[in-house]
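The values are calculated or read from the model by the stated rules, or taken from the named source; none is laboratory data. It should be emphasised that the depicted structure is a prediction, and the values quoted were computed from it without experimental measurement. Cβ placement follows ideal geometry from the backbone for every residue including glycine, while neighbour counts extend to all protein chains displayed.
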Amino acid sequence: MDEGLVIVYTGNGKGKTTAALGMALRAIGYDHKICMIQFIKGSWHYGEMTSSKRLEPEFELTAVGKGFVGILDDITPKDVHQKIAREAIEIARQKILSDNYDIVILDEINYAVNLGLVDVSDVLDLVKIRSKKLSLVLTGNHVKQQLVDVADLVTEMREIKHPFQKGIRAKRGIDF
Ligand code: ATP
Ligand code: MG
């Protein structure tokens, strides 16, 4: 009953990060403690970076990273991205070992793995060290099979339609 789960939200459809946020909102209803670490989102603003403050102290959000790697105007060298991603893994390790949380969300960690910023073995290690009552949520498309193998719950968001296909750009409050 008190056992936590390893949860993965992956796939090319929209809703991975917002699913994790929705779960956090639900868990706060039971005074559960949640820590969300956002990988590679540091230089952008997302609504949850502000609204999460209203949910403190139950909800803690830490954004680490420097925007999207290798996309458009990214001028940060890869080794800098790598160093920051490793720091984020270290923060995650401390949070997981602290025993302070019911849920730890590692948002976009699957992208960090796919971009070669962190090794899948580092993520597997985080899964291994967690106490059995902690739930660990991993988001991002193209999840590695090794992580699917150790997960209890894996949901693939599949795009059927997205407004981006019609040229509609990301919307405040919906996409960021
Ligand atoms: P969200 O944060 O809205 O739940 P996500 O976590 O599933 O989305 P990411 O892969 O993290 O999606 O992408 C981040 C950004 O890209 C968000 O602004 C999101 O709305 C947008 N996005 C997600 N899926 C698609 C898609 N299929 N086509 C275009 N843009 C998308
Ligand atoms: Mg996301």
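Within the stretch 69-79, identify whether any single residue is part of a helix (DSSP H, G or I) and surrounded by fewer than 22 Cβ atoms within 10 Å (Cβ to Cβ), and answer yes or no. Scanning the stretch 69-79 turns up at least one residue that is part of a helix (DSSP H, G or I) and surrounded by fewer than 22 Cβ atoms within 10 Å (Cβ to Cβ). Scan the stretch 37-50 and tell me whether some residue there is acidic (Asp, Glu), free of Cβ contacts under 8 Å to residues at least 60 places away in the same chain and out of contact with any helix residue (DSSP H, G or I) (no Cβ under 7 Å at 6 or more places or on another chain). No, the stretch 37-50 has no match at all. Residue-level analysis places Leu97 outside the set of residues that are among the aliphatic types (A, V, I, L, M), outside any loop (DSSP other than H, G, I, E, B) and within 22 Å of Met157 (Cβ to Cβ).
For the stretch 133-149, state whether one or more residues are among the small types (Gly, Ala, Ser) and free of Cβ contacts under 8 Å to residues at least 24 places away in the same chain. So far as the stretch 133-149 goes, no, none of its residues is among the small types (Gly, Ala, Ser) and free of Cβ contacts under 8 Å to residues at least 24 places away in the same chain. Within the option set Lys16, Lys41, being at pLDDT 90 or above, crowded, with 19+ Cβ neighbours inside 10 Å and under 15 Å from the mean Cα position of the chain (by Cα) holds for one residue only, Lys16. Just one residue in the set Ile103, Ile109 is closer than 17 Å to Gly65 by Cβ, of a type in the set (A, V, I, L, M) and either in contact with a strand residue (DSSP E or B) (Cβ under 7 Å, 6 or more places away or on another chain) or within 16 Å of ligand 1 (Cβ to nearest atom) (or both); that residue is Ile109.
For the stretch 144-174, the set of residues classified as within 12 Å of ligand 1 (Cβ to nearest atom) and under 30 Å from Arg93 (Cβ atoms) consists of Thr155, Glu156, Met157, listed by residue number.
Residues checked against (1) within 21 Å of Ala92 (Cβ to Cβ); (2) among the hydroxyl-bearing types (Ser, Thr, Tyr); (3) not in a loop (DSSP other than H, G, I, E, B):
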| site | (1), (2), (3) |
| --- | --- |
| Thr18 | yes, yes, yes |
| Ile37 | yes, no, yes |
| Lys41 | yes, no, no |
| Arg54 | no, no, yes |
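Of the residues screened, Leu136 is one that is under 22 Å from Ile34 (Cα atoms), under 15 Å from the mean Cα position of the chain (by Cα) and more than 14 Å from ligand 2 (Cβ to nearest atom).
Do we have Gln94 as more than 23 Å from Asp2 (Cα to Cα) and more than 15 Å from the chain's Cα centre (by Cα) here? So Gln94 does not fit the description; no. For the stretch 1-16, what are the residues that are near ligand 1 (Cβ under 9 Å from one of its atoms) and either in a helix (DSSP H, G or I) or small (Gly, Ala, Ser) (or both)? Gly11, Gly13, Gly15, Lys16, listed by residue number.
Looking at Val127, is it surrounded by 19 or more Cβ atoms within 10 Å (Cβ to Cβ) and either outside any loop (DSSP other than H, G, I, E, B) or on the phi > 0 side of the Ramachandran plot (or both)? Criteria not met by Val127.
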